[in-house]
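Here is the structure we will look at, set down as structure tokens.
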């Protein structure tokens, strides 16, 4: 199957109408796409894997279904097996080894993009532009902040990817800055 980003986005938004979930898909896409460039991998394929990683979340949010339903759908539609694997392997419930760079990268970017988004939105200008890793790490220590974000998975993701956590956070912030408008994170000019 020839991968097409526009078709993948159409499929994703057919399965997910929640604006926050769509923006999350775009954020993970941006981060995974940036890592594809860094690692010399197929940017289109990797970006699509990042975009589609939560394709089933709105309809199947339970830990027992999330990832598996999406993987089964993508397999049926003819998506490459490494994309299918990355979608299912990002949910630890299934115990699938993230034994390739793509699945490690999707996992490493998933929870982190959520924490970065939440951190940007509590800034006075509500912008990701100029956000620093130190601010994200400070919010990461505050267990009451963005409670739905799994901090252990952020740490585990960086370890599995073999990158320093601070460098990983900085890299993902910069990737997300490139699509700040689509993510609703350009913010406002300081007063």
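Each reported figure results from applying straightforward, stated rules to the coordinates on display, with no laboratory input. Please read these numbers as outputs of a predicted model, since none were measured by experiment. All Cβ positions, glycine included, derive from the backbone under ideal geometry; neighbour counts span all protein chains shown.
Here are some notes:
- Isotropic mean projected area of the C-alpha convex hull, the stretch 41-191 (nm²): 9.4 nm²
- The calculated FRET efficiency for residue 118 paired with residue 97, based on their beta-carbon distance and R0 = 25 Å, is about 0.25.
- Applying 1/(1 + (r/R0)^6) with r as the Cβ-Cβ distance of residue 180 and residue 138 and R0 = 25 angstrom yields a FRET efficiency of 0.75.
- The mean sequence separation of alpha-carbon pairs under 8 Å and at least six residues apart, normalised by the residue count of the stretch 88-158, gives a relative contact order of 35 percent.
- Rg to Rh quotient for the stretch 14-122, alpha carbon positions, Kirkwood Rh: 0.94
- Using the Cβ-Cβ distance between residue 39 and residue 81 with R0 set to 22 Å, the FRET efficiency works out to roughly 0.70.
- Annotation for the stretch 103-130 versus the stretch 1-70: alpha-carbon center distance of 16 Å.
- Ranked by the mean number of other Cβ atoms within 10 Å of their residues, highest first, the peptides 142-155, 68-81 come out as 68-81, 142-155.
- The stretch 124-175: C-alpha gyration tensor shape, a/c 1.5 cut-off, then a/b vs b/c: oblate
- Going by neighbour counts of Cβ atoms within 10 Å, the residues 39, 9 line up, fewest first, as 39, 9.
- Taking other Cβ atoms within 10 Å as a rough exposure proxy, 127, 103, 134 sort from fewest to most as 134, 127, 103.
- Highest mean packing first, where packing is the average number of other Cβ atoms within 10 Å per residue, the peptides 161-171, 91-101, 109-119 line up as 109-119, 161-171, 91-101.
- Order of 186, 174 - criterion: other Cβ atoms within 10 Å of each residue's Cβ, fewest first: 174, 186
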